[in-house]
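What follows is one structure encoded as structure tokens, with my remarks underneath.
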């Protein structure tokens, strides 16, 4: 029996946790290791670091530096979504201790996914993408149907896919049902709303990613437990 | 002093962080000649088996580990390390194991998520003097293959089928879970195992073994 995972998201720019909203641009909030450790103590099952694109986006060695500090201080698994990344930088963040890296989905990334899975193992490689609605179907950006894309990512060697819609409160339940038939895991990025989270997890999503400050973890776990979901206690 | 075998392509960052947190002295050893004079030797990883086998053979550890086990040195295999200590693995049949722990490592599934990357409850099967009693608790796993439990298995979890979580033969221990990534419960388990292997917590992480 596996537990559904609750994974708070921390957004990173320039090696710092940031709050991206606001007219003045991203506001620095502190060091990734300190924030992640706090989330661990609150009961998170993992932490996802999303690196924002911008002038403060670090070089490979700088990124590996803060990842190494997180790895040395955090005693639950953590993943990184760095955006576009080359082979050497990918190798560096995995060597620094990231448990999993979500590579950007898309045709250009397919070769990288396959090569990374072969070299580092399926468990360390994920793929991230945004779903767009096209009529009654959901597609990955302007590309293939979501179900066909997930199956293709599994064939390439991805251990998990991270999907979002970019529309608050909207995520297609059929995609969760489809993922439940595959061997790879599905991490859905949502708002942390307990009712939506419960529906997606009950329908087949394996894990929920949500903004770290959106909902208290204890409150979310308590609310989800009431829906009969298996959660780590 | 705990010797951590430095496998090419594998990260020891969190394990080292966990040992620092618990106060155990440790060092990295690429080759057997860099190992500490005494203390447990830890083989940890989560990547593919074949490159790890090749790395162990190039570095000389493949020949050294059976001798260390025969000499009574404590060996601890974590995740991929457990698979390498077993007799063989479906991941790389014929030649993928050191045979220090009996059994064949088999692929998970079909019909389950593979890799199994998540938290599962653990249940104790059998007493072993080097491993503390487990009265229930959740551990983190990241694997696509696992060793089937036997009557000798210390503890088990289930992912589609039961699999061995802690397997012991003498002073050789194989641990499928990442204790260093399993929160306070995993760290406490790791601490008790290292204490039972004769390690004493200190506070001075070392640059090298010698």
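Of everything in the stretch B:166-181 that is within 14 Å of another protein chain (Cβ to nearest Cβ) and closer than 23 Å to residue B:109 by Cβ, the residue that is surrounded by the most Cβ atoms within 10 Å (Cβ to Cβ) is B:176.
Among the residues of the stretch B:52-76, those that are surrounded by fewer than 20 Cβ atoms within 10 Å (Cβ to Cβ) and closer than 30 Å to residue A:115 by Cβ comprise B:54, B:57, B:58, B:60, B:62. When the stretch B:83-115 is limited to residues that are in contact (Cβ under 8 Å) with a residue 40 or more places away in the chain and on the phi > 0 side of the Ramachandran plot, the one that is farthest from the other protein chains (Cβ to nearest Cβ) turns out to be B:103. Checking each residue of the stretch A:185-201 against the condition of being within 14 Å of chain B (Cβ to nearest Cβ), within 19 Å of the chain's Cα centre (by Cα) and either part of a loop (DSSP other than H, G, I, E, B) or surrounded by fewer than 21 Cβ atoms within 10 Å (Cβ to Cβ) (or both) gives no match. Could you check, for the stretch A:211-227, whether at least one of its residues is within 13 Å of chain B (Cβ to nearest Cβ), touching a helix residue (DSSP H, G or I) at 6+ places or on another chain (Cβ under 8 Å), within 21 Å of residue B:140 (Cβ to Cβ) and surrounded by 21 or more Cβ atoms within 10 Å (Cβ to Cβ)? Scanning the stretch A:211-227 turns up no residue that is within 13 Å of chain B (Cβ to nearest Cβ), touching a helix residue (DSSP H, G or I) at 6+ places or on another chain (Cβ under 8 Å), within 21 Å of residue B:140 (Cβ to Cβ) and surrounded by 21 or more Cβ atoms within 10 Å (Cβ to Cβ). A residue that is part of a strand (DSSP E or B) and under 30 Å from residue B:163 (Cα atoms) can be found somewhere in the stretch A:55-78. What's the number of the condition residue B:118 fails, among (1) free of Cβ contacts under 8 Å to residues at least 24 places away in the same chain; (2) in contact with a helix residue (DSSP H, G or I) (Cβ under 8 Å, 6 or more places away or on another chain); (3) closer than 30 Å to residue A:231 by Cβ? Failed condition: (2).
The numbers here are math on the coordinates, done by the rules we state, and not lab data. Fair warning: this is a prediction, and the values are worked out from it, not measured in the lab. Reconstructed Cβ throughout: ideal geometry from the backbone, glycine too, with neighbour counts over all protein chains shown.
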